[in-house]
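Here's the structure we're looking at; comments come further down.
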Amino acid sequence: MKYADFPLLGRRPFTEFSISGVLEPEPAELGEWTAARWVFERTSVPRERVEWWYHGASRLWFLVRRDTGSDTILAIEPARTGSRS
Amino acid sequence: MIRRLPPRDGEWIDRDASFSFLFEGEPVQAYGGDTITSALAASGRRTLARSFKYHRPRGILSLANHDANVLLETDTATNLRADVTAPEPGAHYRAVNTFGGLRHDAGRVLSLFAPVLPSGFYYKAFYRPRFLFPWWEKLIRHAAGLGRAKLDSISPRLPRRHVFCDLLVVGAGASGLAAARVAADAGANVVLVDEQARPGGSLNHLRAAEDSDGAWRRECLAALAEADNLTLVSGSYAAAFYADHCLPLVGADGITLVHARAVVLACGCYEQPAVFRNNDLPGVMQAGAAARLLRLYAVAPCTAGVLLAGTPGAYASALDLVEQGLALSAIVDIGSGAAAADRERARAAGVQVFEDAVPLEAIARGGELAGLRISAGSGRLHSTIDCDGLLMAVGQAPAAGLLVQAGGRLAWDGALGQPVPSALPPGVYAAGSLNGMQTFDARIADGAAAAAAALAACGITAPASAAPPRATGPLSHAHPIFPHARGKAFVDFDEDLTIDDLRTAVREGFDSAELMKRYSTIGMGPSQGKHANVNGLRILAELTGQEIGVVGATTPRPFVHPVPLAALAGRRLRRVWRTPLDAWHRAHGGVMHEAGTWQRPRCYGPGDHAAAVAREHAAVREQVALIDVSTLGKIEVFGADAEALLEYAYPCSFARLVDGMTRYVFMTDGGGTLIDDGVCARIAADHFYLTTTSSQAQNVLRLLELYAAELALDVALVERTFALGAINLAGPRSRAVLAALSDIDLAASTFPYLAWREGQLAGVDARVMRVGFVGELGYEIHVPASRTAAVWTALMAAGREHGIAPFGVDTQRLLRLEKGHVIVGHDTDGTTTPFEAGLGRAVAKSKPRHVGRHALAVLRERTRRTLAGFVTHHARAGEIADCLLVIEADRIAGRVTSVGTSPAVGAVIGLVMIEQELARPGRRIDIRLADGALVAAEIAPTPCYDADNARQALEEPGSAAATDATPGKAVVDEAESPVLGAYPQPAFSHVVCDGMRLARRAGARPEASSWLLDLAHLSARVVVGRGADAWLDAQGVTRPGTVQSACVQWGDGLVVRSHVDEYLLVAGSTGAPADTAARAAPGRHGEALVMTAERAHFALLGPAWEAILAELCAAPLGGAAPAWRAVRLAHCDVGLWCVAGAVPHWRVLASAADARYLFDVLAACLDEQGGALASAEELAALSGV
């Protein structure tokens, strides 16, 4: 069972989160094929990547930098904490 | 007790506690502390079970659970490991897998078939000739195997707990104890686990010369018992090593998942048998088993013993056993490498020594050991030694399963004759004999050094200590394998595998460690190769002409030791969501079914389902009826960017949605697939109220939160799915019913179709939307969950004169089918686009940016399927079901998505997802039934009922009276706790507390020290929006600065910043400003929105809860610190916090829909721990609040 230390929450099991894939901002110019690639293409090549993780109990999204080659968490930050926090 | 010896120092038995049990029908005497096997050995029995395949008599091998020779069963349990199971007084144990009992097992004739049962037998026999396959299958299924599953016995509900610690030490032998002591002294939080009933490891039965009186062990255990930062778990085994240092400890009371920052593996070694003819006879055992019998249970293993010496240490062990009372007549030295002085000492003790000897075979009499035939000396003289006990002291193998699972590697150490750890992953340390240490001093020093290194890795300072060098002499015999031309020499006792079986495997090409294992099944039995793998590798090395160090080894996967299914299954929690009307439905004949996590009524009984649906259908169409739609997802969207968020999330346009109106909306994913639909009401310019389908509520909220984060929008989202109940009141007379209860102006001119209004309904704040899902004049009424049941009851009462009736989900589905309304997720699937579902016109073309825009732009031009209505009068039309195929010219052209018998049309109607060119009204289609018959149907336009929406314009008598109705005529003054209704009288009575009806258990246990209380009556508020800070400041409430982690408490009240621009306030009872704020009237205050929180609220008092929370919650709760924790508890997302004060206790806030499920789970756990449920008054008495 894997755990990580999350900002605002503390040490949590991964089972409390749902993961929504890699952070990939929408490209500025989208033709039919670039759009299809952006929507559908996913690579599972081991690498460092930033993922969207959602914590259901707090309704908070986190950006998790993870190395899928070594299966290690490198950094975690909350995606949105409001302008005044 | 013929073999029981005089009392000795350190024995585990309690001679004052004598009792008897039955074994194979015969009484057996036992002492407290005995295992079943030790008691049987004390009674003089040697044959204790039959083997797996050949049904050979078997007895003690390791007496350490490293073999599965003695598996027993009772009427309720099976495959009991007799070597480590304490007998129960009066219980009746029988050997598993016998035909006619242990002594006269008819299965023993299978031994005669051994020549036709070689390894790989299954693959060969089942392959050719094929007609024999059933015969073989029947024979094998009958003859082979272990205990029978007891299908009629009730397996226990075993909990699965989580424990968090700095250091986990696996193994409480010399090195494990030393490691635990260093860590405990350094102040670390330590868990020490050992599979034996008592800590001490081999020190218990193999007394080391340096600690011959056991003083070090006693002193160490006493020190560890004093340390309150150390938990010693005996009688449990670490079954696997998972990621992030998670090890399941399996004990009689279930699984404890230990999450450690560092792990010291001090698992020790498994003693190994020698392989020679008849080495499985009862009476042949490992020297360690004899030592356990003598030291721990004071049982003489034999009356005339022979010891097979294969290591230099064997002589010392032999003499130690003699000292303990072993009748040893001879030592057969098979190349121990022991010093001559050792041999002389043995001879001096009266033991005959045969040097340079080879065991030829063990001789049986009556199926048990009677002698050993050897050849010895330079002349290879054969001789026979009479004996009834043969003790094998030929070596050991490291218990390295966990180490390899952790990612460590082993390398063969030729000098030691066994593998040693060569690489270890971070945070994992090996110590003791597993690490190649032999002497007592070396093991202790190694344990201390491992602990120091582990603590350093955790950032805990401990005195550094150097690891001692590994042992240099051989710890194992290089090749204790002595084939015999005839007869069986067993390698794997579990699977009855002999040298010949492995030879067959290698000859047939399965000549690597992994292949040989799979073909021969070596190491795949219940003991997972603990006593077989190393000898198997030795044989493989010899057969393939390789060095043992290079043949490799099989991968030890979880579990290193079998785990009972009951322990794996855990408590088997099944989460169920209930609406606030659940109790009403059940009390009024609701036929409940599962709709995802929810429970919903399909229709209301009694009697035939079709008749009930028809009755309810008529009530909706002709009079008035109501349905519980509380399962709808409900989300408030509030903030300056609320509209921008919705424009991005939905392909529909919100530009023309004005205040006071609603519109139908649907959502797609990035690929343009339809994923959800619902209604969106604009409450204000910056405030929307959304509904979603029942199953997608959490998903839509998750996506909206994601989009808000991605676009950095100023918006607050509040899920109100569980906080609000919803009722759809539909039918031509619905306006009249509503008018009798509400102050809302219901006139069609002021409250038109698709509008929403807020007002009082039976004295309750309600949001009412005019919807037409079922095709009649209808109002969707949203009220706080705690008032929903009361509002429903008021509607039923007010509607009585109009013939009101409740209707269920099945009726609703038929009603909407007549209107051609699509149910997303039912008529659509994971490939359906809005264009196919007939929603294409609502996809905005001009919006610059929204989710799925690119895909929808492409799909708009490429749509080839469509949802279409059909109608049929065919005789077999009633057999049409969802998902049946539409066949056109022998190919699949579509499928049925919904079907029903429409009273409005007088025929079977439905929806098909069909090729576009076939979807012309009047076109004939053929639907293939389950039996292949084709049913003709005709494409029909939708809707087939009230196509021009005339029903929405109905002006029924009574509507004019709306304005005359007395508001609050039937005022609801009592709210309901969400757990109410779960517990029937008389065990529970109801109390009213702060206007809230609560369940109270009658006659709670007076002796209970732990309590569960329903606190739903305590007021709570959610405050959201950019003005939330200002509003709280104006109320004088101190608010926490950070999201989630921080909270402000006063008394037992709480303010937590639960999200960006969102606060949760829970009232206490001290009268602080926050208490007042937590009771503030809901509504809008400038840029802040105040809402009732409407959640389940429990208090957990007493010592029992620590263990229960450790079971139900996988996150570390970090003790009773007064912080807020949003965690998953028993599959529910909850808020958990600790209230300091006179009586510190835990509080849980959960969704109202989870309330009864969670209450049941908590109550069941509490019941096991001897706690009780209590009422709010009792809490007050207990806590002084």
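The values are calculated or read from the model by the stated rules, or taken from the named source; none is laboratory data. These figures come from a predicted structure and were not determined experimentally. No Cβ is skipped: glycine too gets one built from the backbone with ideal geometry, and neighbour counts run over all protein chains shown.
Determine, yes or no, whether B:Glu616 is out of contact with any Leu (no Cβ under 6 Å at 6 or more places or on another chain), in contact (Cβ under 8 Å) with a residue 60 or more places away in the chain and either buried (at least 18 other Cβ atoms within 10 Å of the Cβ) or not in a strand (DSSP E or B) (or both). Walk me through it before giving the result.
Numbers: out of contact with any Leu (no Cβ under 6 Å at 6 or more places or on another chain): yes; in contact (Cβ under 8 Å) with a residue 60 or more places away in the chain: yes; either buried (at least 18 other Cβ atoms within 10 Å of the Cβ) or not in a strand (DSSP E or B) (or both): yes.
Against the criterion (out of contact with any Leu (no Cβ under 6 Å at 6 or more places or on another chain), in contact (Cβ under 8 Å) with a residue 60 or more places away in the chain and either buried (at least 18 other Cβ atoms within 10 Å of the Cβ) or not in a strand (DSSP E or B) (or both)), B:Glu616 qualifies.
The single condition among (1) surrounded by fewer than 19 Cβ atoms within 10 Å (Cβ to Cβ); (2) farther than 21 Å from B:Gly820 by Cβ; (3) in contact (Cβ under 8 Å) with a residue 24 or more places away in the chain that B:Ala857 does not meet is (3).
Out of segment B:312-355, which residues are within 21 Å of B:Arg380 (Cα to Cα), within 56 Å of the chain's Cα centre (by Cα) and part of a loop (DSSP other than H, G, I, E, B)? B:Ile334, B:Gly335, B:Ser336, B:Gly337, B:Ala338, listed by residue number. Just one of the numbered conditions (1) crowded, with 16+ Cβ neighbours inside 10 Å; (2) within 24 Å of B:Pro848 (Cβ to Cβ); (3) more than 8 Å from chain B (Cβ to nearest Cβ); (4) not charged (D, E, K, R) is not true of A:Leu63: (2).
When segment A:40-59 is filtered for residues that are within 7 Å of chain B (Cβ to nearest Cβ) and aliphatic (A, V, I, L, M), only A:Ala57 remains. With respect to the conditions (1) within 14 Å of another protein chain (Cβ to nearest Cβ); (2) within 18 Å of B:Val1127 (Cα to Cα), B:Asp1033 lacks only one, and its number is (2). The single condition among (1) over 29 Å from B:Gln196 (Cβ atoms); (2) among the aliphatic types (A, V, I, L, M); (3) out of contact with any Pro (no Cβ under 8 Å at 6 or more places or on another chain) that B:Ala327 does not satisfy is (1).
Looking at segment B:501-544, which of its residues are assigned to a loop (DSSP other than H, G, I, E, B), farther than 20 Å from B:Glu271 by Cα and among the hydrophobic types (A, V, I, L, M, F, W, C)? B:Phe510 - this is the single residue of segment B:501-544 that is assigned to a loop (DSSP other than H, G, I, E, B), farther than 20 Å from B:Glu271 by Cα and among the hydrophobic types (A, V, I, L, M, F, W, C). Residues of segment B:1134-1144 that are within 9 Å of another protein chain (Cβ to nearest Cβ) and farther than 17 Å from B:His162 by Cβ: B:Gly1135 alone. Of everything in segment B:1100-1128 that is among the hydrophobic types (A, V, I, L, M, F, W, C) and farther than 21 Å from B:Leu573 by Cα, the residue that is farthest from the other protein chains (Cβ to nearest Cβ) is B:Leu1101.
The set of residues from segment B:170-206 being free of Cβ contacts under 8 Å to residues at least 60 places away in the same chain, among the small types (Gly, Ala, Ser) and either in a strand (DSSP E or B) or over 20 Å from B:His259 (Cα atoms) (or both) comprises just one member, B:Gly200. Screening B:Leu390 with (1) farther than 25 Å from B:Ser527 by Cβ; (2) in a strand (DSSP E or B) gives one miss only, at (1).
List the number of the failed condition for B:Ala1080; all other conditions in (1) touching a strand residue (DSSP E or B) at 6+ places or on another chain (Cβ under 6 Å); (2) buried (at least 18 other Cβ atoms within 10 Å of the Cβ) hold. Going through (1) touching a strand residue (DSSP E or B) at 6+ places or on another chain (Cβ under 6 Å); (2) buried (at least 18 other Cβ atoms within 10 Å of the Cβ) one by one, B:Ala1080 breaks only (2). Every test in (1) assigned to a loop (DSSP other than H, G, I, E, B); (2) under 30 Å from B:Val858 (Cα atoms); (3) within 11 Å of chain B (Cβ to nearest Cβ) is passed by A:Arg37 save one, and that test is (1). Under 24 Å from B:Gly900 (Cα atoms) and of a type outside the set (Lys, Arg), is that true of B:Gly840? When the stated conditions are applied, B:Gly840 does not pass them. How do the pairs read when you match residues in segment B:70-84 that are surrounded by 17 or more Cβ atoms within 10 Å (Cβ to Cβ) with residues anywhere that are acidic (Asp, Glu), using Cβ under 9 Å and keeping only pairs 6 or more apart or on different chains? Short answer, once both residue conditions are applied: B:Val70/B:Asp83; B:Thr74/B:Glu88; B:Asn79/B:Glu73; B:Leu80/B:Glu73; B:Asp83/B:Asp67; B:Val84/B:Glu195. All of B:Leu632, B:Leu573, B:Leu568, B:Leu581 fail the test of being of a type outside the set (Asp, Glu) and touching a Phe, Trp or Tyr at 6+ places or on another chain (Cβ under 6 Å), apart from B:Leu581. Taking segment B:409-437 as the range and being part of a loop (DSSP other than H, G, I, E, B), touching a residue at least 60 places away in the same chain (Cβ under 8 Å) and touching a Leu at 6+ places or on another chain (Cβ under 9 Å) as the test, the residues that pass are B:Leu416, B:Gly417, B:Ala431.
Flag not set for B:Glu226, criterion: surrounded by fewer than 18 Cβ atoms within 10 Å (Cβ to Cβ) and in contact with a helix residue (DSSP H, G or I) (Cβ under 6 Å, 6 or more places away or on another chain).
Does at least one position in segment A:12-34 carry a residue that is farther than 20 Å from B:Gly670 by Cα, at the interface with chain B (Cβ under 7 Å from one of its Cβ atoms) and assigned to a strand (DSSP E or B)? Spell out the reasoning first.
From segment A:12-34, those farther than 20 Å from B:Gly670 by Cα are A:12-17; that's our starting set.
Those still in the list that are at the interface with chain B (Cβ under 7 Å from one of its Cβ atoms) too: A:12-13, A:15-16.
Then keep just the ones that are assigned to a strand (DSSP E or B); that gives A:12-13.
Yes: one or more hits.
Put simply, of B:Ala174, B:Ala179, B:Ala149 the only residue that is farther than 28 Å from B:Ile1108 by Cβ, among the small types (Gly, Ala, Ser) and not assigned by TED's automatic domain parsing to the domain that holds B:Ala238 is B:Ala149.
Give the residues of segment B:1042-1075 that are in a loop (DSSP other than H, G, I, E, B), more than 10 Å from chain A (Cβ to nearest Cβ), free of Cβ contacts under 8 Å to residues at least 60 places away in the same chain and touching a strand residue (DSSP E or B) at 6+ places or on another chain (Cβ under 7 Å), sorted by residue number. Outline the logic, then answer.
Residues of segment B:1042-1075 in a loop (DSSP other than H, G, I, E, B): B:1042-1046, B:1051-1052, B:1060-1061, B:1067-1072.
Those still in the list that are more than 10 Å from chain A (Cβ to nearest Cβ) too: B:1051-1052, B:1067-1072.
Restricting the remaining residues to those that are free of Cβ contacts under 8 Å to residues at least 60 places away in the same chain gives B:1067, B:1070-1072.
Matches in segment B:1042-1075: B:Ala1067, B:Thr1070, B:Ala1072.
Specify which of the listed residues (A:Ala57, A:Ala4) is under 15 Å from the mean Cα position of the chain (by Cα), closer than 30 Å to B:Thr1042 by Cβ and among the hydrophobic types (A, V, I, L, M, F, W, C). Explain how you work it out, then say what you get.
Working: A:Ala57 fails: under 15 Å from the mean Cα position of the chain (by Cα).
Selected residue: A:Ala4, the only one of A:Ala57, A:Ala4 that is under 15 Å from the mean Cα position of the chain (by Cα), closer than 30 Å to B:Thr1042 by Cβ and among the hydrophobic types (A, V, I, L, M, F, W, C).
The set of residues from segment B:63-94 being closer than 22 Å to B:Ala399 by Cα, among the charged types (D, E, K, R) and either in a loop (DSSP other than H, G, I, E, B) or in contact with an Asp or Glu (Cβ under 7 Å, 6 or more places away or on another chain) (or both) comprises B:Asp67, B:Asp83.
Within segment B:190-211, the set of residues being in contact with a helix residue (DSSP H, G or I) (Cβ under 8 Å, 6 or more places away or on another chain) and of a type in the set (Val, Ile, Thr) comprises just one member, B:Val190. Residues in segment B:700-715 that are out of contact with any Leu (no Cβ under 7 Å at 6 or more places or on another chain), under 26 Å from B:Pro978 (Cα atoms) and at the interface with another protein chain (Cβ under 9 Å from one of its Cβ atoms): B:Arg702 alone. Considered as a group, the residues in segment B:493-511 that are surrounded by 16 or more Cβ atoms within 10 Å (Cβ to Cβ) and free of Cβ contacts under 8 Å to residues at least 60 places away in the same chain include one that is nearest to B:Asn279 (Cα to Cα), and that residue is B:Thr498.
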